[in-house]
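Please read the structure below before turning to the comments.
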Amino acid sequence: MKYSKIFATPVLLAVLTLPLQSKEAKSDDGWIQLFNGKDLSGWTANENKDSCKVKDGKIVLFGPRSHLFYTGKVNGGSFKDFELKLEIMTMKGSNSGVYFHTKYQEKGWPNTGYEAQVNNTHGDPKKTGGLYAVKDNFKAPAKDGEWFDYHIIVKGKSIELKVDGKSITKYTEPADLKRPSRQLDKGTFCLQAHDPKSKVFYRSIKVKPGKG
């Protein structure tokens, strides 16, 4: 039996030779992407909206102070126990931060929740991997101009911050803590555009909500 010439076309050959997708190629169970890589759907910037843009599949935070809050539908936009993974790249002298257990506000520095610091060479001595003004880290675990993985884990009263798989900060709230402005509760996430000289890139942003 002779095969039809159609089987020799490059398009069909390409389809026939595509490898079967394995389970490993899919996202890990439970992880949900919060950034679609195209636009800021599900995110809301406050005071200086032009400081928060998407370019070439990345969130670019660059300009006067602004904060970009997650206001999408995942988990009702509120998280208590969770794991959050981000891919981040700072430039020389840049400063930013990832807030959690916070809430949207029209202007100013977020007044609720914790901030996981993002700063490798900015003049502020508090560096990436620390809980800002709560349990600071003073030695940058990553370099400017290179992508690094930031992993934030909150379970019960415990917080852990990892950079490129290495645990940098572990913190457990005291049982008798009374610090409403910086205390675990529940809330959303927020990315910080710190100042006009700070340029920071975010790409993959995914969350695994906990049971709490």
Practice item. In Å and from the alpha-carbon atoms only, list the Rg and Dmax of the stretch 108-196. Key: 13.2, 42
Check your understanding: Once you charge only the Cβ atoms, +1 for Lys and Arg and -1 for Asp and Glu, what is the size of the charge dipole of the stretch 127-188 about its Cα centre, to the nearest 20 debye?
Key -> 220
Practice item. Considering Cα pairs under 8 angstrom that are at least six residues apart, work out the relative contact order of the chain and quote it in whole percent. Key: 29
Review point. Rounded if a/c is under 1.5, else prolate if a/b beats b/c, else oblate: with a ≥ b ≥ c from the C-alpha gyration tensor eigenvalues square-rooted, which is the stretch 78-126?
Key: oblate
Practice item. First compute the accessible area of the chain with a 1.4 Å probe, then give the percent of it belonging to carbon and sulfur atoms. Key: 54
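Highest first, please rank the peptides 44-54, 113-123, 137-147 by the mean number of other Cβ atoms sitting within 10 Å of their residues.
Packing order, densest peptide first, comes out as 113-123, 44-54, 137-147.
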Check your understanding: In what sequence, highest mean first, do 201-210, 179-188 appear when ranked by Cβ atoms within 10 angstrom?
Key -> 201-210, 179-188
Point to revise | Rg [Å, one decimal], Dmax [Å, integer] - the stretch 155-212, C-alpha atoms | key: 14.6, 40
Exercise for review: Collect residues whose amide H, placed 1.01 Å from N in the peptide plane, falls under 5 Å from the amide H of Tyr114; neighbours closer than 5 in sequence don't count.
Suggested key: Phe100
Point to revise | Residues of the stretch 85-196: accessible area per residue with a 1.4 Å probe, Å² | key: 47
**Study point:** 13 Å beta-carbon shell around Ser78, net charge (K/R +1, D/E -1)
**Key:** +2
Study note, to complete from the structure: Taking every C-alpha to C-alpha distance in the stretch 32-177 and binning by 5 Å from 0, the per-bin percentages run 2, 9, 18, 23, 23, 17, 7, 1, 0, 0
Point to revise | Among Gly72, Gly37, Gly93 - extreme Cα towards positive end, dipole of the stretch 32-101, charges at beta-carbon | key: Gly93
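The values are calculated or read from the model by the stated rules, or taken from the named source; none is laboratory data. Treat the numbers as computed from the prediction; the structure is a model and nothing was measured. No Cβ is skipped: glycine too gets one built from the backbone with ideal geometry, and neighbour counts run over all protein chains shown. Note: accessible area is taken over every heavy atom of the protein model, side chains too, but ligands, DNA and RNA are not part of it. Shrake-Rupley method; radii C 1.70, N 1.55, O 1.52, S 1.80 Å.
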